[in-house]
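Structure, as structure tokens:
The values are calculated or read from the model by the stated rules, or taken from the named source; none is laboratory data. It should be emphasised that the depicted structure is a prediction, and the values quoted were computed from it without experimental measurement. Methodologically, a virtual Cβ is constructed for each residue, glycine included, from the backbone with ideal geometry; neighbour enumeration extends over all protein chains shown. In case anyone asks, the SASA skips ligands and DNA or RNA and just uses the protein heavy atoms, side chains included. Shrake-Rupley method; radii C 1.70, N 1.55, O 1.52, S 1.80 Å.
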Amino acid sequence: MNNFRFFLLFLATVSMTFVYSNRVVFGFTVICQQSGNESETMTYVDPEKKQLVMKNEFCYRISFQNCLSIFSFSDYYLLESLNVAWMFTATAIGMCLGPAPFYFAHFLSTRVLIFSYGFLSGISSILYPLADSLGFWPALVCRFMAGFAQASQLHFTNDLVLRWTPQSEASFFFSIMLATSQFGPLFTMILGGEMCSSSFFGWEATYYILGVGTIAASMAFAYYYSDSVEENKNLEESEKKYILAGKHSTKEKETVPYKALLKDWTIWISLLMFTGYYLAMIVYQQYSPIFIKQVLHYTIRETGYFSAIPQFIAIFIKIGCGRLLDVKFGCGPKLTLVIPLLILESMSAFSLFLTGFLDDRVWALICMMIFASLHFFVPVICSRTIQIVSFQKKNKKIILFMFQRAAQHSHFALNLNMVIAGIAQILIPLGVQAVVPDNSRSQVRSLSNYEGLLDLFRVKRLFYNSGFIFIIRTKQAFFKQYTVAF
């Protein structure tokens, strides 16, 4: 098959998009679930006190008299904000533990792992509506499974780029694969908005569609993928040579030099950048639908589309800038990474700063969308800092220094990023619950105008970005060195 690598990239992107969607879908459907189970507000006359009384509770409206005496109080678990926070936390714990099997299941091929994680993700969504009807604990298990499966995203992305991507297309492929974190929410928010607004389907259909799609896409990706480019029967010989040009064979899994990786400052500053990114990204993806609907007071359908717009814009920014990272325009490797980060992050931080200060809901929404659209590019920079391969000529041969910092061992650093994301997701719901328990505009405003917090925000962004600019090294790190003759 001609250009088979692009076909494999397509399958991988679709599969990872569904897996990612299964993690973030709850952040949107929780609005529908709560709306469908929340208590009604009713006014009635208390026969004894002869006065109007407001009551928030379910009422079987058989007759007015029965309404006074027969009430059914809602015990739906998601009406408790603390339970909602625990649902997000369970997903986060799954993300922290998800990378673990990669380091003890060495006897399993990547194809088996792709299907296993995809199946787990799909079944977690298919079973969630049933689990929701059974109560808090079954639903919590499903959310844990969704987070556990999504932890595989960076590992499989790294494998695909290292094994199947020519050096001249590496950033482009990586950008597309990382864009699944936009494809997923974009698809999910629109799908969820339509299903929640439909009188025929309901929010449950969102999970069934995502679950079936995940299993089908993961099966296709696992079927066509192989760890060895040389042995794949779908590739033409010319494309094999193009992909493998200048690459060291990675058929066998090699021991990860943990100490060397953990002593490298470039790895650490990239991890810190990931931390800052995840703190902002997870807040946006999990709580932007709640903010748009309950604070800015848009409808559920409008919330779905407004939440999706930044994801759509970010896709073009990620893929376009990712391609530019491959072109370089004569810049050195460090400037190629620093310049787009500095420009996009400065604009993103300023937009987020304005969001909490604007009273007009339209402008507040616009600034929030600008922030998200630009901020989603950060992981491309961080991942490529960890994964870029550099070359050096010597005696008419090319010395391939594995990973501009970590090479074939980059999966360790990238999986560590996933653990960081999980930890951030554990802490964020608890912080949101403490600061804005009622999701009211006054609470959001008081939080946004709190001077100490804004100073902390400025210092954090300044520290991460400055550290990246001045600390990262683009010279080869001698973790591994291979000679490749041409």
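Observations, loosely collected:
- Peptides ranked, highest mean first, by Cβ atoms within 10 Å: ranges 365-378, 196-209: 365-378, 196-209
- Between PHE6 and TYR208, the FRET efficiency from the beta-carbon distance, with R0 = 51 Å, is close to 0.95.
- In this label model, LEU335 and GLN167 are separated by 2.1 nm, measuring between points 7 Å along each Cα→Cβ vector.
- Using a probe radius of 1.4 angstrom, the carbon and sulfur fraction of the accessible surface of the stretch 152-254 is 60%.
- Length added when fully stretched, PHE312-ALA260, from 0.36 nm per residue minus Cα-Cα: 14.9 nm
- Percent RCO, i.e. relative contact order, over the stretch 150-237, from Cα pairs under 8 Å lying at least 6 residues apart: 22 percent
- Pairwise label distance in nanometres, ASN234 with SER81, each label 7 Å out on the Cα-Cβ vector: 4.8 nm
- Here the simple spin-label model places points 7 Å from the Cα toward Cβ, and for TRP268 and LEU108 these points are separated by 3.4 nm.
- FRET efficiency for PHE350 and TYR224, using Cβ-Cβ distance with R0 set to 41 Å, rounded to 0.05: 0.40
- On the beta carbon distance between VAL362 and VAL141, with R0 = 41 Å, the FRET formula returns roughly 0.50.
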